[in-house]
Amino acid sequence: MGMRRNGQLTAYLYFLHENRNQQVVRMIGKILGWFRKIFGKRKDLNLGIYGSPNVGKTTLANRICVDLTGESMGTVSPIPHETRKVQKKENMTLKFRGFRLMMNLLDMPGIAVKVDYRDFLEHGLSREDAQKRAREATRGVVDAVKSMDKVDAALFIIDATEDPYTQVNITIIGNIEARNIPVIVVANKIDLPNANTKRVRDAFPNYDFVELSAMTGENLEQLYSHIADKLS
């Protein structure tokens, strides 16, 4: 009889102990919830623009920035690697069909598998300036890839007038995929008569796809719709 009572007492104490543990766990959960509400507001979302040189990344960045803030982001040039440092426009508000999104836009240096200063000589740069540009462009490629770790979504810009099946394009999409970054493939330059967006779509069939003209702004609203879906 005493053993039974001792067993019942032990079970009762165990129940109290477990019940208290559950209460503590619930209390800790509530406290953590309060902290998340007070201090855990989601950080600003970073949208990165990637692509090889001269596909229209900065033109698109400027188009989006002017549309949302009234100010452009960077300069454009026919000389490759005009953007050699990551450019960032902060605290932009995208309002689209009742949707509101705060984000930062990052215009990345063009990614290339090789940077040769002699390519810049063909554009009239001096040897010294060409070598300097090549060094800066090489650092820019490294920074662009490193910055993938800091973006929440990516726009992968492809020149629709060029062959999309290139080593650099495969390298870019491979790096984006490896980091599980939501990505939108953007076939740019549809304002040009030799643009072939079907070729771009066929090259990257498993991704969200938008065809547009960064120069004219055609189909920009379609891009905003995809951005809202990716970052919401």
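The values are calculated or read from the model by the stated rules, or taken from the named source; none is laboratory data. Just so it is clear, the model here is predicted, and its values are computed rather than measured. When we count neighbours, we look across all protein chains shown, and the Cβ atoms used for this are built from the backbone with ideal geometry, even at glycine.
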*Going by the conditions given, is Asn194 at pLDDT 95 or above, within 17 Å of the chain's Cα centre (by Cα) and among the polar types (S, T, N, Q)?*
no
_Number of positions in the range 88-108 that are free of Cβ contacts under 8 Å to residues at least 40 places away in the same chain, within 17 Å of Ala153 (Cα to Cα) and of a type outside the set (Ser, Thr, Tyr)_ = 4
*So, of the residues in the range 181-232 that are assigned to a helix (DSSP H, G or I) and aliphatic (A, V, I, L, M), which turns out to be farthest from Leu94 (Cα to Cα)?*
Ala203
*Does the range 160-180 contain any residue that is without any contact (Cβ under 8 Å) to a residue 12 or more places away in the chain, among the charged types (D, E, K, R), surrounded by fewer than 19 Cβ atoms within 10 Å (Cβ to Cβ) and outside any loop (DSSP other than H, G, I, E, B)?*
yes
*asked:* Considering only the range 123-135, I want to know if a residue exists there that is among the acidic types (Asp, Glu), assigned by TED's automatic domain parsing to the domain that holds Leu68 and in contact (Cβ under 8 Å) with a residue 24 or more places away in the chain.
replied: no
*When the range 99-135 is examined, which residues are found to be small (Gly, Ala, Ser) and under 15 Å from Leu68 (Cα atoms)?*
none
*Does the range 44-54 contain at least one residue that is farther than 27 Å from Gln167 by Cα and outside any loop (DSSP other than H, G, I, E, B)?*
yes
*asked:* Would you confirm whether or not the range 110-132 contains a residue that is within 17 Å of Val185 (Cβ to Cβ), crowded, with 20+ Cβ neighbours inside 10 Å and within 21 Å of the chain's Cα centre (by Cα)?
replied: yes
*Are any residues in the range 58-102 in a loop (DSSP other than H, G, I, E, B) and either surrounded by fewer than 16 Cβ atoms within 10 Å (Cβ to Cβ) or among the hydroxyl-bearing types (Ser, Thr, Tyr) (or both), and if so, which ones?*
Gly70, Glu71, Ser72, Thr75, Ser77, Pro78, Thr83, Lys85, Arg97, Gly98
*Go through the residues of the range 106-114 one by one and say whether even a single one is more than 23 Å from Val151 (Cβ to Cβ) and at pLDDT 85 or above.*
yes
